[in-house]
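Below is one structure, written out as structure tokens; comments come after it.
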Amino acid sequence: MNVAFADHEPEPEDPHLWTARGFTVADAHRWIDAGFALDAAERWRDSGVYRPGPALEWRTAGMTPYTVRPMLRAGMTPRDAVRWHELGRSPVEAAERHLAGERPRPRRLLRALLPVRRPPGLDLSEEQAQTMDALLSAGVPAATARAYLDTGWHGAQAVPWARTGLDPAQARVYRAIGFSPGEAAALAGEGRDALALMCEWWDAGVPRGEVAAWAVAGFGSAEAARARASGTGPEEARRPRAPGGRPPAPEEEPDR
């Protein structure tokens, strides 16, 4: 009797099994379409890689869910991993050197013969690691996440700003003068420089805490300064403007 053995890839798990393990239906289909089994996808997700595209890139670079986390926390890319691997560096050593500001380029003979001095404090603090994890899990590219970390952003507040794609230094200025991430992104899209904007309003004598309220209401810095001089505050500035674009008049006290 002849027995035929089917030589084929195992069938992907039912999406219901994926949702039972915390994946959304859409995410489950993305991982399945990329060729990942449930257990493998879960390992990548637990390591800090939350989408199948980056997981494929890291896997192609020779990384596994067990070796990728130091590189993610350092803000590295799969291309960085390949270059460091070509120089014979382990993932942990590559991450340390990346955090120290070194980039993967061929070493000269003299440098190869001399001992390498590593500056202290290369590892991320617990707070920085949590911030990096939050940024990466929100889909922020590793390079952007690292830039926000280096600029002093910490905690969940960094996520909505990093997702706008704003330069982190510009984002800090926009945030300091009261703009929301969406408002700041719109201003940046118009070519407004955050520092120049702040100086313009401060030179006009408008306090930092009022800048966003006046600007969102459609006032320029000089116009807002005149309105303030006439007794109008930022809360009144948000009300519909009078015909002809005049600022709203301050409310009068009712007759008693």
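All of the numbers you see were taken from the coordinates with simple rules; none came from a lab. This structure is a prediction, so every number in the text was calculated from the model and none was measured. All Cβ positions, even for glycine, are placed from backbone atoms using ideal geometry, and neighbour counts span all protein chains on display.
Compute the relative contact order of the stretch 164-240 as a whole-number percentage, counting only Cα pairs closer than 8 Å that sit 6 or more residues apart in sequence.
Normalised by residue count, the contact order of the stretch 164-240 is 26 percent.
Taking neighbour counts of Cβ atoms within 10 Å as a proxy for exposure, in what order, fewest first, do 193, 80, 167 appear?
Ranked by crowding around the Cβ, least crowded first: 193, 167, 80.
Identify, among 194, 207, 182, the residue whose Cα sits farthest towards the positive end of the charge dipole of the stretch 164-247, taking +1 on the Cβ of Lys and Arg and -1 on the Cβ of Asp and Glu, with the dipole about the Cα centre.
Result: 207, furthest along the dipole toward the positive end.
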